[in-house]
Amino acid sequence: WNSRYGAENTTMRITATQGDITEQRVDAVVNAANSSLLGGGGVDGAIHRRGGREILEACKQLRASEHTDGLPVGHAVATTAGELPARWVIHTVGPTYSASWDRSDLLASCYLESLRVADSLPATSVAFPAVSTGVYRYPVDQAARVAIRAVREADTGVELVRFVLFDEQTYRTFATELGQH
Ligand code: AR6
């Protein structure tokens, strides 16, 4: 992914909003999944609950075909969005936070790989949650810096990136980091 992490993207619009990612009317919503792709809590639980069985069936297909060992950390893959307003769900697996080992490149990779998958669909509007900041305990200020830098520097045809933050503190951190008031 390193080769796509360079020049600033000037045509993309990047916004932050407080809300629920399952309600977003964008081409693709990103899921903060785990390597199993078979569901969990947080964003993952909400997406599978609201999107219905079709998403889980598509994930099981992926596990039976190209991802028999699961989806590695920092990678991304798309499925149907089932009953969600979005057309696709892009599943990515964030790193768990470690104070002794900087995993920001893996976190940046989640955003870069998700945008690469979006380009392949092609999706031009993408909503991201704050990957790794829940169950995976990544500090929100660090995660916001990594996420925004990755998206800003991505070489992608995606025209709109919307960060959808569930709680107010996370929203404020992303909005401040974006210079959005
Ligand atoms: N919309 C937007 N953001 C949400 C929503 C929602 N509906 N629900 C929670 N968040 P997490 P992770 C926020 O834990 O840290 C799962 O079990 C949440 O408040 O969803 O990457 C997976 O299966 C937090 O700010 O993702 C994995 O096992 C952010 O989304 C593991 O958790 C991310 O929290 C992944 O952990």
Could you list, in sequence order, all residues of the stretch 139-161 that are more than 20 Å from A46 (Cβ to Cβ), within 14 Å of the ligand (Cβ to nearest atom) and part of a helix (DSSP H, G or I)?
D141, Q142, A144, V146
From the option list D102, D119, single residue qualifying as outside any loop (DSSP other than H, G, I, E, B) and more than 12 Å from the chain's Cα centre (by Cα) is D119
Of the conditions (1) crowded, with 19+ Cβ neighbours inside 10 Å; (2) more than 11 Å from the ligand (Cβ to nearest atom), Y136 fails just one. Which one is it?
(2)
Quickly run through the stretch 1-43 and pick out the residues that are modelled with pLDDT of 95 or more, charged (D, E, K, R), farther than 21 Å from H75 by Cα and more than 9 Å from the ligand (Cβ to nearest atom).
R13, R25
Would you check if V164 is of a type in the set (A, V, I, L, M, F, W, C), within 14 Å of the ligand (Cβ to nearest atom), at pLDDT 95 or above and touching a strand residue (DSSP E or B) at 6+ places or on another chain (Cβ under 6 Å)?
yes
Looking at A78, A99, A46, can you tell me which residue is farther than 20 Å from L115 by Cβ, more than 11 Å from the ligand (Cβ to nearest atom) and free of Cβ contacts under 8 Å to residues at least 60 places away in the same chain?
A99
Scan the stretch 81-96 for residues that are more than 13 Å from the ligand (Cβ to nearest atom) and touching a strand residue (DSSP E or B) at 6+ places or on another chain (Cβ under 7 Å) and report the count.
4
Search the stretch 102-119 for residues being in contact (Cβ under 8 Å) with a residue 60 or more places away in the chain and among the hydroxyl-bearing types (S, T, Y), and hand back the single one that is surrounded by the most Cβ atoms within 10 Å (Cβ to Cβ).
S114
Q169 surrounded by fewer than 20 Cβ atoms within 10 Å (Cβ to Cβ), part of a helix (DSSP H, G or I), over 16 Å from the mean Cα position of the chain (by Cα) and polar (S, T, N, Q)
yes
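The values are calculated or read from the model by the stated rules, or taken from the named source; none is laboratory data. Values in this document were obtained by computation on a predicted structure and should not be read as measured data. Don't worry about glycine lacking a Cβ; one is built from the backbone with ideal geometry, like all the others, and counts go over all protein chains shown.
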